[in-house]
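Okay, structure first, notes after.
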């Protein structure tokens, strides 16, 4: 029996490991600018972002090679967000400060903010950017515009270089790349518009305005909490191609500052992802069985003098396959070594967050984020 268990766990580790390696060659950085100054609107929803917004704006305004406007929507901030943006806008006419309307019933806050920003934008390329994102290179936006222009995609996004400080950040945040590249076949995503292969990162997301309007924009996903994935799924359902790029060298982000923010932030979106009723079981099987169980088996079999050599070999292969993606990600994505070494613990923490979110939805307990309450909706 132990041989069969070791074999199954080995298989659950090897398949995502192989897919991760394959996807690394497909997950490319942005191309060089094409020499054409694209017209783009950088749209930043900001709610109590006083500690982030000036650095975000300065990084955008340093951009070369694009005709640029930056629209910041102050979404009911109670800190100095509006004051800071107004000061920057007074010195640079490319920046505009706008004030959000009252949040209507049925809308999530960020979706309504992005909906308003799109209506306020002037240019054909809309770049939605979170206030905690930094543009790392002066040509990042020009490269992003070139990628959109050269691709067949109507919506593109990438995972920025993730800065981490606390242990919980180091455990959880790097798993964004792991889950994305170990379980999403990028080749299949690009060869079809099947909504099942929708994936996106809302930290930096660019869309062609015409396609955005035809797909219904953020109004079509008004109540979705996981806005980027929901919008991508909407685009693909309407026949538009979407794509992903490696944003490690072009954009950076510190998502959260404290362990509690990591937990609540990931739990907020979980019920529309891995913690949804149809995915929580398979996700737990895949992640526990392929990323934690091989190491547990290897440890127990090494201590057992009568252990089956075949089971020991399979557990060893499974453990190596589980760690392979994390080791490859260290340099490629600038992830901390501790995140890779503690991979099984990180997966355990991720699963704990998913089950916490799952039971919270069952108990009809709403999530709270930035002073607003969000009630889980069924997936579209």
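The values are calculated or read from the model by the stated rules, or taken from the named source; none is laboratory data. If you're wondering where the values come from, they're calculated on a predicted model, not measured in any experiment. Here the Cβ positions follow ideal geometry from the backbone for every residue, glycine too, while neighbour counts run over all protein chains shown.
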Within segment 124-152, can you find the residues that are closer than 15 Å to residue 65 by Cα, surrounded by fewer than 19 Cβ atoms within 10 Å (Cβ to Cβ) and in contact with a helix residue (DSSP H, G or I) (Cβ under 8 Å, 6 or more places away or on another chain)?
136, 137
Has segment 123-133 got any residue that is free of Cβ contacts under 8 Å to residues at least 40 places away in the same chain and assigned by TED's automatic domain parsing to the domain that holds residue 39?
no
Check on residue 291, part of a helix (DSSP H, G or I) and at pLDDT below 90
no
Answer yes if at least one residue in segment 246-263 is part of a helix (DSSP H, G or I), farther than 28 Å from residue 137 by Cβ and under 16 Å from the mean Cα position of the chain (by Cα), and no otherwise.
yes
Answer yes or no: is there a residue in segment 134-156 that is modelled with pLDDT of 95 or more and within 24 Å of residue 275 (Cβ to Cβ).
no
Please identify the pairs in which a residue from segment 265-292 that is buried (at least 22 other Cβ atoms within 10 Å of the Cβ) has its Cβ atom under 7 Å from the Cβ atom of a residue that is at pLDDT below 85 and in a helix (DSSP H, G or I), counting only partners at least 6 apart or on another chain.
271/361
Which of (1) crowded, with 18+ Cβ neighbours inside 10 Å; (2) modelled with pLDDT under 95; (3) more than 21 Å from the chain's Cα centre (by Cα) is the odd one out, the single condition residue 314 does not satisfy?
(2)
Check on residue 103, within 26 Å of the chain's Cα centre (by Cα), modelled with pLDDT of 95 or more and surrounded by fewer than 18 Cβ atoms within 10 Å (Cβ to Cβ):
no
Looking only at segment 32-50, count every residue that is surrounded by 15 or more Cβ atoms within 10 Å (Cβ to Cβ) and within 19 Å of residue 94 (Cβ to Cβ) and tell me the total.
10
What is the residue count in segment 277-288 for residues that are modelled with pLDDT under 90 and either in a helix (DSSP H, G or I) or over 15 Å from residue 350 (Cβ atoms) (or both)?
2
For segment 170-185, check the following and say yes or no: at least one residue is in the same structural domain as residue 106 (by TED's automatic domain parsing), in contact with a helix residue (DSSP H, G or I) (Cβ under 9 Å, 6 or more places away or on another chain), in a loop (DSSP other than H, G, I, E, B) and farther than 30 Å from residue 95 by Cα.
yes
Taking segment 223-233 and the residues there that are touching a residue at least 60 places away in the same chain (Cβ under 8 Å) and part of a helix (DSSP H, G or I), the one that is nearest to residue 108 (Cα to Cα) would be 227
Of the residues in segment 14-37, those that are part of a loop (DSSP other than H, G, I, E, B) and either closer than 19 Å to residue 190 by Cα or outside the structural domain of residue 247 (by TED's automatic domain parsing) (or both) come to 27, 28, 30, 31
Could you tell me which of the residues 155, 68 is assigned by TED's automatic domain parsing to the domain that holds residue 203, over 26 Å from residue 264 (Cα atoms) and surrounded by 23 or more Cβ atoms within 10 Å (Cβ to Cβ)?
155
